[in-house]
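The values are calculated or read from the model by the stated rules, or taken from the named source; none is laboratory data. Quick caveat: nothing in here was measured; it's all calculated off a predicted structure. Counting neighbours? That spans all protein chains shown, and the Cβs are built from the backbone with ideal geometry, glycine included. With ligands, DNA and RNA removed, areas are computed over all heavy atoms of the protein, side chains included. Shrake-Rupley method; radii C 1.70, N 1.55, O 1.52, S 1.80 Å.
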Amino acid sequence: MNRKYPSIVIKQGFLAFTFLMTGIFAVASAHEGHKHDQEIKPQSNVAAAPTLTAVSENYELVAIVQGRQMTVYLDQFESNAPVLDADLDFDFSGTGVKATRNADGTYSVALPKNIDLKSSIPVTVTILAAAGPDLLSGDLVIPKLETHSSWSAFWVVAVVAACLIALLLIWLAYKRNPSILIQLTQKLPASLRRFIK
């Protein structure tokens, strides 16, 4: 019997375990780096906020929700000039809300309490302005949050796979030489050996 075989298997097992964990950390680091690169790019909260867009031959309306407050931008469709004198009435699935004018040329709408910002909501907007009345309709789109549960599952599978490989290699070494467990125990710190005994 080759007495060096258990030692070789243990070394190979340790190297395989090290390479596997190094690969896992490399992939995870690359993923985190990609995520950080995306965060470094200038992004406004608008991209992740619920938004409403409605267009007609006369007007173009864009609304952005922050919290329970919606800021509305209303422009003339052809000239893109802001409409500052409009009266806006919003209908959220049967619940009516009147917009208030802001000094900066935008409009504000307090979302009804019964509006749940978990799914898209149909909205109708009645416009009364000097440029002419109009009726717009659109959906208040609720963006889906990005989740990373797949990466959590990846970590669990990777760690379990690494442990199984290590245990398999130790078992192979034990089959060749049962005394390998005694040798491994002797190499453990004294504090751990007391627990094993």
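Structure notes:
- Per the conditions (1) over 30 Å from W155 (Cα atoms); (2) open to solvent by less than 40 Å² (accessible area, probe 1.4 Å); (3) modelled with pLDDT under 95, the sole criterion not satisfied by G23 is (1).
- Within segment 94-104, the set of residues being loosely packed, with under 13 Cβ neighbours inside 10 Å and either in a loop (DSSP other than H, G, I, E, B) or hydroxyl-bearing (S, T, Y) (or both) comprises G94, T100, N102, A103, D104.
- The residues of segment 119-148 that are among the charged types (D, E, K, R) and at pLDDT below 90, listed by number, are K144, E146.
- Matching residues, segment 114-130, being assigned to a strand (DSSP E or B) and either touching a residue at least 40 places away in the same chain (Cβ under 8 Å) or within 14 Å of L61 (Cβ to Cβ) (or both): V123, T124, V125, T126, I127, L128
- Search result, residues across segment 51-89 that are closer than 19 Å to P112 by Cα and either touching a residue at least 60 places away in the same chain (Cβ under 8 Å) or among the hydrophobic types (A, V, I, L, M, F, W, C) (or both): T51, L52, T53, V62, A63, I64, V65, M70, V72, L88
- The condition of being more than 14 Å from I127 (Cβ to Cβ), more than 31 Å from the chain's Cα centre (by Cα) and open to solvent by 10 Å² or more (accessible area, probe 1.4 Å) does not hold for G67.
- Number of residues in segment 71-93 that are open to solvent by less than 50 Å² (accessible area, probe 1.4 Å) and either part of a loop (DSSP other than H, G, I, E, B) or modelled with pLDDT of 95 or more (or both) equals 9.
- Summed over segment 64-86, the residues that are in contact with a Gly (Cβ under 9 Å, 6 or more places away or on another chain) and acidic (D, E) give a count of 0.
- Any hit, segment 105-118, residues being within 19 Å of the chain's Cα centre (by Cα) and either modelled with pLDDT of 85 or more or open to solvent by 80 Å² or more (accessible area, probe 1.4 Å) (or both): yes
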